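Take a look at the structure below.
What follows draws every value from the coordinates through simple rules; no lab data is involved. These numbers were taken from a predicted model, which means no experiment stands behind them. Note that each Cβ is placed from the backbone with ideal geometry, even for glycine, and that neighbours are counted across all protein chains shown.
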């Protein structure tokens, strides 16, 4: 892990901001590049005055959106059978796809926001959104918001904790619990408003 972190620091430092965009685009698409190993090192470089905090978060968020677009448009135009047939070559199993679809059906459009904060679902939630033909603008807004929060959390952790992956994982768990509770409240509010609006229209 120490060697991997050093390699990531060297790589991100050499590639700069475009490297962050590229790696986060991979993380948000179908390639297994954990954001937990990309953004904290970038945050550490910010603490060393080698990068700018605002630009790091911006690049991480933009990269996440690009990767999400790749999944969204691919699934929207090639369909579920194609993804099931060839997804195994990029580590998308049927079980993972079903999990993402269930999450999307349960929470609706806002799942593209909430899903950005949960492992596995995070990089797959764009697929059921594309398959369902979700509105592009709504998808973009929710994805940007969720990605911004997730990228900011990891970057700030890297800024204050450095490259100690064990400490990052230790602090990340309670932070994710808090974020999860906030997301649950947001979803509950969204559902309540949606039902209230529907009743008003029916009345």
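If all Cα-Cα distances of segment 9-128 are sorted into 10 Å bins from 0 onward, what percent lands in each bin, rounded to whole numbers? Percent of pairs per bin, in order: 14, 43, 28, 14, 2.
The length gained by stretching the chain between residue 99 and residue 145 to full extension, at 0.36 nm per residue less their Cα-Cα distance, is 14.4 nm.
In terms of surrounding Cβ atoms within a 10 Å radius of their Cβ, 149, 98, 125 rank from fewest to most as 98, 149, 125. Each of 69, 44, 77 was scored by other Cβ atoms within 10 Å of its Cβ. Listed from fewest to most, they are 77, 69, 44. The ranking of 144, 45 from fewest to most other beta carbons within 10 Å of each one's beta carbon is 144, 45.
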